[in-house]
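Below: one structure, written as structure tokens.
The values are calculated or read from the model by the stated rules, or taken from the named source; none is laboratory data. Fair warning: this is a prediction, and the values are worked out from it, not measured in the lab. FYI the Cβ positions are ideal-geometry reconstructions off the backbone, even for glycines, and counts take in every protein chain you see. Areas reflect the complete protein model, heavy atoms only, side chains present, ligands, DNA and RNA absent. Shrake-Rupley method; radii C 1.70, N 1.55, O 1.52, S 1.80 Å.
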Amino acid sequence: MAANSGPSDQSAAGAPGTKSDGGASANRKLRRGLILGGAVVAANAALAGRLWQLQVVETETYQEQAARNRLRTEPVRPVRGLVFDRNREPLVRNVPVFGVWVTPADVPKSREGSIIASLAALTGEQPDDVRLKLSQARYDPGRPVQVAADVQRDSALAIEERRHDLPGVQVRSGIRRHYLHGDVFGHMLGFVGPVPAESLEEYQALGVGFDETVGLAGLERQFQGALRGADGSRRVQIDALGRELNEIESEAPVEGRHLVLTVSVREQRAIREILARHLALRDSGAGVAVVIRPEDGSIVALASLPDYDNNAFGVGGDPSVLTRLVTDPRRPLINHAVAGLYPPGSSYKVIAASAALETGIVLPQTKIRCDGQLVLPTGWAFNDWLATGHGMVDLHRGISESCNIYFYNISGGNPYTNLTGFGNRRLVEFERGFGFGEVSGIDLPGEAAGLVPTAEWKQGNLGQPWVTGDTYHAAIGQGLVQVTPLQIAMMYAALGNGGRLLRPRLVDRIVDSQGNVLQRFPISERGQLPVSDEHLRLIRNALLEAVNGRNGTGKWARSEFAVVAGKTGTAEYSGTRDSQGKLPSHAWFAGYAPAGNPEYAFAVLVRDGGEGAFAAAPIARDIIDYLMTGEMPPLPQDRPDFIPPTRRLA
């Protein structure tokens, strides 16, 4: 037994050591409990502190965020202003349509693809176009973006019925621009369309949304700011799907302003029709007619043919029509009255005549011999339109019979008679004094300034020196000279009103929806023609003779209802010569009527028309007949004195 007691004793002996280890374990457990308890206390304290911060300190911040989740402020687009003619007849109308809008913030990312596909199918828009608009709108996801501007009523109803499947999608009423007189005012009014990508930042800086339609041509573009108006706003309550529950408050938009023009529908339509009748007599006819009131610069008519129906540029326009407009070599999309540049031919000779008189190069009675040709010692020959020549010519005959040789002599001189001429530098001064080489300031975009050529310009742009022949050509409106029909009309308006060079007025005033005048466009003088009253009377008498004299080149512009004063122009340009060896030419006639106290000034251009006497002068006559009587004249081919427009003077 004693032998077996060893281990037991050893166990008993080791008991104190075992007790000590158990105490350490207990201490460790105690420490763990204290640490865990402290952590719990700390966590609870932190949680309590955070709850205090959220519920007490930041309560207003989170209440505001919660309100923003339930409330949304949206812009309210204004109704675009209208355009009226002189008699307050509307030229454009806003047609109610349905538009589809999407708020990007309310479109779940997981469902974006299916929503885009559904909208494309329901609206007829291209999926890529809808996707692009949504992606562009992501910079301000709470702001609705228009993805379809004009959808069918059935499609709009279908979208409304599927609102639960299309979160963030709304159908709203909108407008579509409709032009009441189509091509009659196409160039003048222009059209609206999407914001051009290259101008996006510029429009956004003006507060215009990238999904809006803006003026892209004509008056729609020129007066975009006034016609658009200003945004309003509305604050609405929405649900979790972005659907509007009710409107909290709103601020009405400022409706676009209305334009009142100086033209009337009746006169613009009639003058365009007169031009069209004459152009129909030739293949691929193209031309311009500009009519102005000389006393105040008001535009009466502005026709450039061929033109376009601006409704073709709206939603649903026929693509084939647009293709035809773009590919037509006559460039119908350009308003050639203000943006087309052409040599003016002899309609320009009044400038050289004024320069000669004012500089004293010749007296009114000074005679210059015209043998039909002037050959310089260098061998260059400069011809008159009349091969046999005009004989001895003074200023009066030089203008009325349009003698080129007379104007060569007074401008560039004659080495055989020691007549020096006033030279091109002085000619340039007078050209600019008559309003050329700069825009007239009409209320239309894209007006061309034209070209008054100088020796410096020719050397810098063509690398060639100025020669006497250049002065000869410039004096008769040929060579490098480039003008617009509007500039020619404004010059003849100044000749008719006593020398006041005016700014053309197309918009008379801007009014609000009640008709209150917000802005007027008063008569504005650009300057005075650099011609004395005495010399101006001489030039006006010569223009009167040009139409009413026995040998006047403008006799085909004579009217039964008013005395017309004016000047023909036949402006040759480089091209294929005809069977008679003549270059192609543009036909001009410009003038004013009644000659004693002008009510109208005008410029008529027939592009590639040949002789101004036969192609352009009869158009001017018919225009004056209409303006004097209010009745449309007979068709040109029905007149007993009808002359084919292809006839030449010599």
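Screening the candidates G232, G215, G207, G256 for the property of being on the phi > 0 side of the Ramachandran plot and in contact (Cβ under 8 Å) with a residue 12 or more places away in the chain yields one hit, G207. Going residue by residue through segment 255-277, is there one that turns out to be among the hydrophobic types (A, V, I, L, M, F, W, C) and modelled with pLDDT under 95? No, segment 255-277 has no match at all.
Count of segment 568-581 residues, restricted to those that are open to solvent by 50 Å² or more (accessible area, probe 1.4 Å) and in contact (Cβ under 8 Å) with a residue 24 or more places away in the chain, is 3. Scanning segment 513-542 for residues that are in contact with a Leu (Cβ under 7 Å, 6 or more places away or on another chain), open to solvent by 20 Å² or more (accessible area, probe 1.4 Å) and at negative phi returns I523, S524, E525, R526, Q528, H535, L538, R540. With respect to (1) among the aliphatic types (A, V, I, L, M); (2) under 27 Å from G575 (Cα atoms); (3) crowded, with 24+ Cβ neighbours inside 10 Å, the lone exception for L386 is condition (3). Within the set Q482, Q478, the sole residue that is under 30 Å from W380 (Cβ atoms), surrounded by 15 or more Cβ atoms within 10 Å (Cβ to Cβ) and out of contact with any helix residue (DSSP H, G or I) (no Cβ under 9 Å at 6 or more places or on another chain) turns out to be Q482. Within segment 513-547, the residues that satisfy the criterion of being closer than 17 Å to Y492 by Cα, in contact (Cβ under 8 Å) with a residue 40 or more places away in the chain and of a type in the set (S, T, N, Q) are S524, S532, N541.
Return yes when E125 is among the charged types (D, E, K, R), surrounded by 14 or more Cβ atoms within 10 Å (Cβ to Cβ) and over 33 Å from the mean Cα position of the chain (by Cα) and no when it is not. Quick ask: steps written out before the conclusion?
Working: among the charged types (D, E, K, R): yes; surrounded by 14 or more Cβ atoms within 10 Å (Cβ to Cβ): yes; over 33 Å from the mean Cα position of the chain (by Cα): no.
Spelling it out, it is not the case that E125 is among the charged types (D, E, K, R), surrounded by 14 or more Cβ atoms within 10 Å (Cβ to Cβ) and over 33 Å from the mean Cα position of the chain (by Cα).
Could you list, in sequence order, all residues of segment 578-612 that are aliphatic (A, V, I, L, M) and at pLDDT 95 or above?
Just the residues of segment 578-612 that are aliphatic (A, V, I, L, M), to begin with: 583, 587, 590, 593, 595, 601, 603-606.
Of everything in segment 578-612, those that are aliphatic (A, V, I, L, M) and at pLDDT 95 or above turn out to be A587, A590, A593, A595, A601, A603, V604, L605, V606.
When segment 72-98 is filtered for residues that are open to solvent by 30 Å² or more (accessible area, probe 1.4 Å) and farther than 27 Å from Q146 by Cα, the ones remaining, listed by number, are R86, N87, R88, E89, P90.
If you go through segment 543-567 and keep only what is of a type in the set (S, T, Y) and open to solvent by 10 Å² or more (accessible area, probe 1.4 Å), you end up with just S559.
The residues of segment 126-156 that are within 22 Å of V236 (Cα to Cα) and part of a helix (DSSP H, G or I), listed by number, are L134, A137, A156. Quick check on E431: is it in contact (Cβ under 8 Å) with a residue 12 or more places away in the chain, touching a Phe, Trp or Tyr at 6+ places or on another chain (Cβ under 9 Å), surrounded by 18 or more Cβ atoms within 10 Å (Cβ to Cβ) and charged (D, E, K, R)? Against the criterion (in contact (Cβ under 8 Å) with a residue 12 or more places away in the chain, touching a Phe, Trp or Tyr at 6+ places or on another chain (Cβ under 9 Å), surrounded by 18 or more Cβ atoms within 10 Å (Cβ to Cβ) and charged (D, E, K, R)), E431 qualifies.
Only one entry of G591, G596 meets the criterion of being touching a Lys or Arg at 6+ places or on another chain (Cβ under 8 Å) and small (G, A, S), and that entry is G591.
With respect to being out of contact with any Pro (no Cβ under 8 Å at 6 or more places or on another chain), open to solvent by less than 50 Å² (accessible area, probe 1.4 Å) and more than 24 Å from V483 (Cβ to Cβ), P343 falls outside the description. Regarding segment 159-168, can at least one residue be identified that is closer than 30 Å to V265 by Cα, modelled with pLDDT of 85 or more, not in a helix (DSSP H, G or I) and not hydroxyl-bearing (S, T, Y)? Within segment 159-168, none of the residues are closer than 30 Å to V265 by Cα, modelled with pLDDT of 85 or more, not in a helix (DSSP H, G or I) and not hydroxyl-bearing (S, T, Y). Scanning segment 146-170 for residues that are surrounded by fewer than 22 Cβ atoms within 10 Å (Cβ to Cβ), touching a residue at least 60 places away in the same chain (Cβ under 8 Å) and not acidic (D, E), we see that the one that is nearest to G446 (Cα to Cα) is A149. In this structure, is V452 in contact (Cβ under 8 Å) with a residue 40 or more places away in the chain and open to solvent by less than 20 Å² (accessible area, probe 1.4 Å)? Taking the combined requirement at face value, the residue does not satisfy it.
Within segment 362-375, residues that are open to solvent by less than 90 Å² (accessible area, probe 1.4 Å) sit with their Cβ atoms under 6 Å from residues that are part of a strand (DSSP E or B), at 6+ positions apart or across chains, in these pairs: I368/V393; C370/V393; L374/F382; V375/A381. When each of R32, R68, R111 is tested for being part of a helix (DSSP H, G or I), of a type in the set (D, E, K, R), at pLDDT 85 or above and out of contact with any Gly (no Cβ under 6 Å at 6 or more places or on another chain), the lone residue that passes is R111.
None of Q459, Q482 is in contact with a Leu (Cβ under 6 Å, 6 or more places away or on another chain) and of a type outside the set (D, E, K, R) except Q482. Tallying residues that are free of Cβ contacts under 8 Å to residues at least 60 places away in the same chain and surrounded by fewer than 22 Cβ atoms within 10 Å (Cβ to Cβ) within segment 292-311 yields 1.
Give the residue, chosen from D622, D608, that is acidic (D, E), open to solvent by less than 10 Å² (accessible area, probe 1.4 Å) and either over 21 Å from R269 (Cα atoms) or not in a loop (DSSP other than H, G, I, E, B) (or both). Step through it out loud before you land on a result.
Numbers: D608 fails: open to solvent by less than 10 Å² (accessible area, probe 1.4 Å).
That would be D622, the only listed residue that is acidic (D, E), open to solvent by less than 10 Å² (accessible area, probe 1.4 Å) and either over 21 Å from R269 (Cα atoms) or not in a loop (DSSP other than H, G, I, E, B) (or both).
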